[in-house]
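The values are calculated or read from the model by the stated rules, or taken from the named source; none is laboratory data. Note that the coordinates shown come from a computational prediction; the quantities given were computed from them, not determined experimentally. Reconstructed Cβ throughout: ideal geometry from the backbone, glycine too, with neighbour counts over all protein chains shown.
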There are 2 protein chains.
Amino acid sequence: MKATVIGLGLIGGSFALSLKQQGLCDEVTGIEHSEKNARKALELGLVERIVTLDEAIAESDLIVLATPVDTLPIMATKILNRINHKQIVMDMGSTKQELCEVTMMHPRRGRLVATHPMWGTENSGPEAAERNAFSGRTVVICERELSDEDALQTVERIYNCIGMPIRYMSAEEQDTHCAYVSHISHITSFALALTVLEKEREEEHIFDLAAGGFESTVRLAKSLPQTWAPIFLGNKYNILDVLREHIHQLQILRRMIERDDRDGLIEAMQRANKIRDILK
Amino acid sequence: MKATVIGLGLIGGSFALSLKQQGLCDEVTGIEHSEKNARKALELGLVERIVTLDEAIAESDLIVLATPVDTLPIMATKILNRINHKQIVMDMGSTKQELCEVTMMHPRRGRLVATHPMWGTENSGPEAAERNAFSGRTVVICERELSDEDALQTVERIYNCIGMPIRYMSAEEQDTHCAYVSHISHITSFALALTVLEKEREEEHIFDLAAGGFESTVRLAKSLPQTWAPIFLGNKYNILDVLREHIHQLQILRRMIERDDRDGLIEAMQRANKIRDILK
């Protein structure tokens, strides 16, 4: 099998490495619109060659979309327009509703497998790509019933080889889930960084940030804006919903502190402690 | 030197281990009001003996307070009332203004060294105590000018041996600093856990929380309510101030998402990215 990965950043670069590492592909090529990143990806051996979209469509069995989520619906449609009935397109985006809605009625919808491998770090670009990145993490496959059986099986086989448990759900369920377990954490981290940076201008005593737990809480604020803005906007209604709840919870805690409500605080924190069981 | 640590949980237990490990004390004894934790601390070898406060005052050169911050002012005062002019009291609390204000005029104020070693984890109790816990982390010493020279030097020597860089500041500066780098992260984590747990009741698809960055952001929500409620209330005005700013930043991001303000989001996230330089 020959594969082409479009977008050789954190996710695409790591996935290209996995495809090679597992011996799943004879050749993995890449498409990358930044020349600098294309050179870097070659240098790091993430892919064997940089190709054009025409070349990918002419020669690849599998085309993997790993670009920002707002580019996926149009890119998937254009590629579906041109591939044959044996080629497969898959994406790795963090939101799925827009992609699934736009491609829903496409006569070659069956050649598309919509996936979200749930792994990432706060780093970006080809240099951020990691070996064994996805192993052990869950991958979500959306609207499986709309993918052709052979396309689905090929993609499932790839994720099985990489060692990722698969969960199937609707695009709607996946986006709601990710608003809670991923997107909100990023927004909280960005806001926390802005809070401290706002203060830091007037305060010389912001130091040793690792010590108080701050570093792990704010880690995600290092993430790439160009990746995350489209995710936040693409999952807008779920995120607005979760953010409303999160701000509400912060306001409840704030009011308890204001009123010296020690018992209320302890009760709320004991409820929050239950997250320990869920994280196992 | 003989030392007694009062409160053999995460902080006190780890500090007792450090005192032993560095050969700083001939004997380290402990006071622990929970019988279960006292037994556990002995079992784990955190201290050699459990003693009473009377015994500690009769035989110890150094008494270390590692109990919840709201207990420190009264406990420090009672111990200062009874120790001689060679004995030393130090505390390890995360907030300092109340302690320093209450003890300010005490005729033996010089025997107290007010410190905050900036280390902790989300775990608690004697089992959470760690070897080499504090090494490399900053310790804050407050109102150094109110401590006797010999008491200050002894405590500085201890922290030097453990490998902690020392910073000196007023109690007010330390509490402001900690509101930003520690306390707010805890509140954010507790609120995030409550947000997700609130949703989880109606949502079966909350799974694989580690994958999306959620786990590191919510880690601190596992922390002990009995430790943190007194810290939040003891640093009330700083925390209300930081929380106001944090909620404000969240609302700004929320409004940008609502208005599809992609450029605004990217600009805000790019500002937040600067936290990378500060964390180094």
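The condition of being more than 7 Å from chain A (Cβ to nearest Cβ) and closer than 30 Å to B:Leu250 by Cβ holds for B:Glu98. Taken as a whole, the condition of being modelled with pLDDT of 95 or more, surrounded by fewer than 23 Cβ atoms within 10 Å (Cβ to Cβ) and either on the phi > 0 side of the Ramachandran plot or not hydrophobic (A, V, I, L, M, F, W, C) (or both) does not apply to B:Lys96. All told, B:Ile31 meets the bar of being surrounded by 22 or more Cβ atoms within 10 Å (Cβ to Cβ), in the same structural domain as B:Ile63 (by TED's automatic domain parsing), touching a strand residue (DSSP E or B) at 6+ places or on another chain (Cβ under 7 Å) and more than 9 Å from B:Pro126 (Cβ to Cβ).
Would a scan of the stretch B:60-73 turn up a residue that is in contact with a His (Cβ under 6 Å, 6 or more places away or on another chain) and within 28 Å of B:Arg144 (Cβ to Cβ)? Checking the stretch B:60-73: not a single residue is in contact with a His (Cβ under 6 Å, 6 or more places away or on another chain) and within 28 Å of B:Arg144 (Cβ to Cβ). The residues of the stretch B:227-244 that are at the interface with chain A (Cβ under 7 Å from one of its Cβ atoms) and at pLDDT 95 or above, listed by number, are B:Trp228, B:Ala229, B:Phe232, B:Leu233, B:Lys236, B:Ile239, B:Leu240, B:Leu243.
Each residue in the stretch A:131-163 was checked for being in a loop (DSSP other than H, G, I, E, B) and surrounded by fewer than 15 Cβ atoms within 10 Å (Cβ to Cβ), and 5 of them qualify.
Within 22 Å of A:Ser185 (Cα to Cα), of a type in the set (Ser, Thr, Tyr) and at pLDDT 95 or above - does that describe any residue in the stretch A:148-157? No, because not a single residue in the stretch A:148-157 is within 22 Å of A:Ser185 (Cα to Cα), of a type in the set (Ser, Thr, Tyr) and at pLDDT 95 or above.
Every listed requirement among (1) facing chain A (nearest Cβ under 7 Å); (2) surrounded by 17 or more Cβ atoms within 10 Å (Cβ to Cβ); (3) at pLDDT 95 or above is met by B:Gly212 save one, (3).
Yes/no matrix, rows are residues, columns are (1) within 11 Å of another protein chain (Cβ to nearest Cβ); (2) under 22 Å from A:Ile231 (Cβ atoms):
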{"site": "A:Arg131", "(1), (2)": "no, no"}
{"site": "A:Gly136", "(1), (2)": "yes, no"}
{"site": "A:Val139", "(1), (2)": "yes, yes"}
{"site": "A:Cys142", "(1), (2)": "no, yes"}
{"site": "A:Asp150", "(1), (2)": "no, no"}
{"site": "A:Glu156", "(1), (2)": "no, no"}
{"site": "A:Cys161", "(1), (2)": "no, no"}
{"site": "A:Met169", "(1), (2)": "yes, yes"}
{"site": "A:Glu173", "(1), (2)": "yes, yes"}
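Within the stretch B:255-280, if we keep just the residues that are surrounded by 16 or more Cβ atoms within 10 Å (Cβ to Cβ), more than 7 Å from every other protein chain (Cβ to nearest Cβ) and not hydrophobic (A, V, I, L, M, F, W, C), the residue that is nearest to A:Asn235 (Cα to Cα) turns out to be B:Asp261. The residue that is farthest from B:Thr176 (Cα to Cα), among those in the stretch B:245-254 that are aliphatic (A, V, I, L, M) and within 7 Å of chain A (Cβ to nearest Cβ), is B:Leu253. Can you pull out the residues in the stretch B:89-130 that are of a type in the set (A, V, I, L, M) and closer than 26 Å to B:Gly163 by Cβ? Hits for the stretch B:89-130 are B:Val89, B:Met90, B:Met92, B:Leu99, B:Leu112, B:Val113, B:Ala114, B:Met118, B:Ala128, B:Ala129. For the stretch A:2-53, a tally of residues being touching a residue at least 40 places away in the same chain (Cβ under 8 Å) and either among the β-branched types (Val, Ile, Thr) or at positive phi (or both) returns 7. Total residues in the stretch A:46-87 satisfying the condition of being among the hydrophobic types (A, V, I, L, M, F, W, C) and outside any helix (DSSP H, G or I): the figure is 10. Against the conditions (1) part of a helix (DSSP H, G or I); (2) surrounded by fewer than 18 Cβ atoms within 10 Å (Cβ to Cβ); (3) under 14 Å from the mean Cα position of the chain (by Cα), B:Thr121 satisfies every one except (1).
Results for (1) more than 25 Å from A:Lys78 (Cα to Cα); (2) β-branched (Val, Ile, Thr), shown as yes or no for each residue.
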position	(1), (2)
A:Ala114	no, no
A:Met118	yes, no
A:Glu122	yes, no
A:Gly163	yes, no
A:Arg167	yes, no
A:Asp175	no, no
A:His186	yes, no
A:Val196	yes, yes
